[in-house]
Amino acid sequence: MEKLYNDFSFGLFFWQAFILIVLILLLVKFAWKPIMESITAREEGIKDALLAAEKAKKEMHDLQASNERILQEARLERDTMLKEAREIKEKMIADAKDEAQTQGLRMIEQAKASIESEKNAAMAELKNQVSSLSLEIAEKLLKDELSNKESQVKLVEKMLGDVKLN
């Protein structure tokens, strides 16, 4: 350190200080403004990038919330559609059962009516046959009875006797 004190020269110090001051003035005049402007611009760019990132983050959050809401609405709509489809299916099945039951009852009624009409037709046919046979039997009996004169007289007397009784 002592060597530094011994070798110290005021002239050299002056010129070095002068050059340093001139260099600083030149830097302030020509370089300081552009450097400060670029630093300010860079600071603004970083600030804008941070704001844009924050805005993008907020938009992403809003978008996620919106997507979640849309997804929830879609689930509700799907559930509603499935419920309606089940109700329609059940209604269609119930309607088909009712229709089948109605058709079955109608067919049973038609069958009963058909059976009744066939029964009536058979009864009428049977009555016709019975009456026809009865007439034939009566005719044969009358022929036998009326062929004999004695039987005719007995029959007339018997009929007259019946008439008086009534």
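The values are calculated or read from the model by the stated rules, or taken from the named source; none is laboratory data. Every value quoted in this text rests on a predicted model; they were computed, and no experiment measured them. All Cβ positions, glycine included, derive from the backbone under ideal geometry; neighbour counts span all protein chains shown. These accessible areas exclude ligands, DNA and RNA; they are computed on the full protein's heavy atoms, side chains included. Shrake-Rupley method; radii C 1.70, N 1.55, O 1.52, S 1.80 Å.
Under 29 Å Cα to Cα from K143, which lysines show up? Leave out anything in the same chain fewer than 8 places away. Result set, ordered by chain and number: K127, K154, K158, K164. E68 contributes about 100 Å² of solvent-accessible surface, heavy atoms of the protein only, 1.4 Å probe.
Just flag the trypsin sites (Lys or Arg not before Pro) in the range 92-166 sitting in loop per DSSP whose Cβ has no more than 15 other Cβ atoms within 10 Å. Answer by residue number: there is no such site. Rolling a 1.4 angstrom probe over the protein chains, ignoring ligands and nucleic acids, what is the accessible area of T80 in square angstrom, nearest 10? Around 70 Å² of this residue is reachable by solvent.
In a fully extended conformation the segment linking T102 and E73 would gain 6.2 nm over its present Cα-Cα distance, using 0.36 nm per residue.
For the chain, with the dipole built from +1 on Lys and Arg beta-carbon atoms and -1 on Asp and Glu ones, taken about the Cα centre, which of F13, T102, L141 lies farthest toward the positive end? Of the candidates, F13 comes out farthest on the positive side.
Using only Cα atoms and rounding to the nearest 10 degrees, what angle (0 to 90) does helix 10-26 make with the longest principal axis of the chain? Helix 10-26 sits at roughly 30 degrees to that axis. Placing +1 on the Cβ of every Lys and Arg and -1 on the Cβ of every Asp and Glu, with no other charges, gives the chain a dipole of roughly 180 debye about its Cα centre. A simple spin-label model places the labels of K91 and M36 8.0 nm from each other, with each point 7 Å out along Cα-to-Cβ. Ordered from largest to smallest accessible area (heavy atoms of protein chains, 1.4 Å probe), the residues K29, K89 come out as K29, K89. For the range 103-151, the alpha carbon convex hull comes to 33 Å³ per residue, rounded to a whole number. Against the main long axis of the alpha-carbon atoms of the chain, helix 149-165 sits at an angle near 60°.
Out of (i) 0.97; (ii) 1.04; (iii) 2.08, which label holds the value of Rg/Rh (Cα atoms, Kirkwood Rh) that was computed here? Computed from the coordinates, Rg/Rh (Cα atoms, Kirkwood Rh) corresponds to (iii). Please give the Cα centre distance for the range 61-75 versus the range 1-41, rounded to the nearest Å. One Cα centre to the other: 63 Å.
What is the angle, in °, between the Cα long axis of helix 33-147 and the longest principal axis of the Cα atoms in the chain? Nearest 10 is fine, range 0 to 90. Result, in degrees: 0.
Taken about its Cα centre, the range 72-114 carries a charge dipole of roughly 180 debye when the Cβ of each Lys and Arg holds +1 and the Cβ of each Asp and Glu holds -1.
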